[in-house]
Amino acid sequence: MTNSIEVQGLTKQYPTQKHAKAIEGLSFSIPEGQLFGLIGPDGAGKTTTLRILSTVMEPSDGSATVAGFDIRKQANKVRPLIGYMPQNFSLYPDLSVIENLNFFADLNNVRGNGREARMKEMLAFTRLARFQDRRAANLSGGMKKKLALACALVHSPKVLLLDEPSTGVDPVSRRELWVMLAEVVAQGVTVIVSTPYMDEADRCSKVGILYQGQMLRLGSPDELQMDLPFDIIEVKAKPRKKMRQVVGAMNGVSDWRPVGDRLRISVPHMNGTSKKFMQKLDRDLRHAKTDVQILRPAKKTMEDVFTHSVQEKRSEQ
């Protein structure tokens, strides 16, 4: 399979940063037609990476190609092939939906007989047809994201770069946005989406976990979760204070954290360890006269992967 994006040793240091780098030594590749998630908290380097790949910004070091073209030497060939949706709403609030679409169609040289059909296709795809005369300033947060996506796709790019597209929208709009992205990928477009939401990583074919400008993990969600050196035990017991005291006093706990009214406990991954741990935990909780409501193995998540990766990085530092 041909790689749509190749990144080698990508580094960026801003003039105001004397020591720390915004990103450092990033290397990864993305095959054509794949949905790649760039996962990390604010300040991890996600936006910097996307700006460099979109040719908006030059790297301090390293190289990258998009659709076979070098982002430094052949930027003019890269730009027509990409759609870029920045994190903040960057369309024209005084223009209507259809006027914004027309503007970006003109900007990207969408001409000829296929232009009108493409406009209708984008309006239908984003479900904005009945709102096409509404000013962008009067759209809801979710509808603004859909309009921005339509404008990024209007020229049929081969690569789509989306910077935190679901941030600040309601859960329904967020779900609809991911359904649309799946349809874009099904059409053969390569998509890179950055997000701080760990649950969105599971929707991607491959993810890279960014932290403090460095790539901590790279792989499919399933691979990264399977590689974790521990199992997860989920427990819920009342009173909660006693539950925490019991778990905190137990040997063999790698880590634990509250999630709602439950605790997620990391136990070293060895044959039979999880079962023995649950048996002992059950005994200790009942001895402490707690009401055990849930005690079971739990599925590993990308949040577990991220937390473990960050803890490893901090221990190295």
Filter result for LYS241 (among the charged types (D, E, K, R) and touching a residue at least 12 places away in the same chain (Cβ under 8 Å)): no
For the stretch 76-93, how many residues meet the condition of being farther than 16 Å from MET143 by Cβ and either of a type outside the set (Lys, Arg) or crowded, with 16+ Cβ neighbours inside 10 Å (or both)? 10
Considering the stretch 94-122, residues that are loosely packed, with under 15 Cβ neighbours inside 10 Å and polar (S, T, N, Q), and then whichever is nearest to GLY141 (Cα to Cα), we arrive at ASN109
Among the candidates ILE233, ILE265, single out the residue that is within 31 Å of the chain's Cα centre (by Cα) and in contact (Cβ under 8 Å) with a residue 40 or more places away in the chain. ILE233
If I ask for residues that are buried (at least 18 other Cβ atoms within 10 Å of the Cβ), on the phi < 0 side of the Ramachandran plot and assigned to a loop (DSSP other than H, G, I, E, B), which ones from the stretch 159-207 would you list? PRO165, SER166, VAL169, VAL189, CYS204
Regarding LYS21, is this residue out of contact with any Lys or Arg (no Cβ under 9 Å at 6 or more places or on another chain) and either touching a residue at least 60 places away in the same chain (Cβ under 8 Å) or not in a strand (DSSP E or B) (or both)? no
Residues (part of a strand (DSSP E or B) and within 16 Å of VAL253 (Cβ to Cβ)) located in the stretch 284-317: LEU295, PRO297, ALA298
Kindly indicate whether any position in the stretch 210-219 is basic (Lys, Arg), part of a strand (DSSP E or B) and in the same structural domain as LEU107 (by TED's automatic domain parsing). yes
I'd like to check something: does the stretch 225-235 contain any residue that is part of a helix (DSSP H, G or I), surrounded by fewer than 22 Cβ atoms within 10 Å (Cβ to Cβ) and in contact with a strand residue (DSSP E or B) (Cβ under 7 Å, 6 or more places away or on another chain)? no
When PHE69 is run through (1) touching a Leu at 6+ places or on another chain (Cβ under 8 Å); (2) surrounded by fewer than 21 Cβ atoms within 10 Å (Cβ to Cβ); (3) modelled with pLDDT under 95, the failure sits at (3)
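The values are calculated or read from the model by the stated rules, or taken from the named source; none is laboratory data. What you see is a predicted model, and the numbers here were worked out from it, not measured in a lab. With ideal geometry, Cβ positions are generated from the backbone for all residues, glycine too; neighbour counts draw on all protein chains shown.
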